[in-house]
1. By the scheme Lys and Arg +1, Asp and Glu -1, what is the net charge of all other residues having a beta-carbon under 12 Å from that of GLY6?
2. Please compute the contact order of the chain in relative form: average sequence separation of alpha-carbon pairs under 8 Å and at least six residues apart, divided by the residue count, as a percent.
3. Would you kindly state how much longer the chain becomes between THR39 and SER21 on full extension, computed as 0.36 nm times their sequence separation minus their alpha carbon distance, in nm to one decimal?
4. Would you please give the residues with an amide H less than 5 Å from that of ALA51, counting only those at least 5 places away or on a separate chain, with H modeled from the backbone geometry?
5. Quick one: work out the % antiparallel among DSSP beta bridges in the chain, nearest 5.
6. How big is the charge dipole of the chain about its Cα centre, in debye rounded to the nearest 20, if each Lys and Arg gets +1 on its Cβ and each Asp and Glu gets -1 on its Cβ?
7. Could you tell me the convex hull volume per residue, in Å³, taken over the Cα atoms of the chain?
8. Which ³J(HN,Hα) values, rounded to whole Hz and listed in residue order, are derived for segment 43-54 from phi using the Karplus coefficients 6.51, -1.76 and 1.60 in 6.51 cos²θ - 1.76 cosθ + 1.60 with θ = phi - 60°, glycine and proline given as x?
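The values are calculated or read from the model by the stated rules, or taken from the named source; none is laboratory data. Here the structure is a predicted model, which means the values were calculated and not measured. With ideal geometry, Cβ positions are generated from the backbone for all residues, glycine too; neighbour counts draw on all protein chains shown. Heads up: the accessible areas ignore ligands, DNA and RNA and are worked out on the full protein's heavy atoms, side chains in. Shrake-Rupley method; radii C 1.70, N 1.55, O 1.52, S 1.80 Å.
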Amino acid sequence: MFTNIGFGNMVSTGRIIVVLSPESAPIKRIIQEAKVSNTLIDATYGRRTRAVLIMDSGHVVLSPLQPETLAHRLQNSENHDHIKEGEKIE
């Protein structure tokens, strides 16, 4: 299952460890370290980074969407996983 993280970019839902706000100094350090180690994926298309996704592979993904928006999308994708084929979505 994939989740849209903005501008049509998708990440594997099951591989996301945490969704964070980029405002704190420790998160800014994580972003900087990922840039140096070539594990940073910038999906913001030049927009302001509003959420940072840490993946189980060690990659750091930057998103232009708010963490709350991403959490809502992740929660919705989990709910859809539990719906059986042919079952009505209300």
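1. +3
2. Reported relative contact order: 30 percent.
3. On the way: separation 18, 0.36 × 18 = 6.48 nm, distance 1.82 nm.
Result: 4.7 nm gained on full extension.
4. SER63, LEU65
5. 80 percent
6. In total the dipole reaches around 420 debye.
7. 99 Å³
8. 10, 8, 6, x, 7, 5, 6, 10, 8, 10, 9, 9
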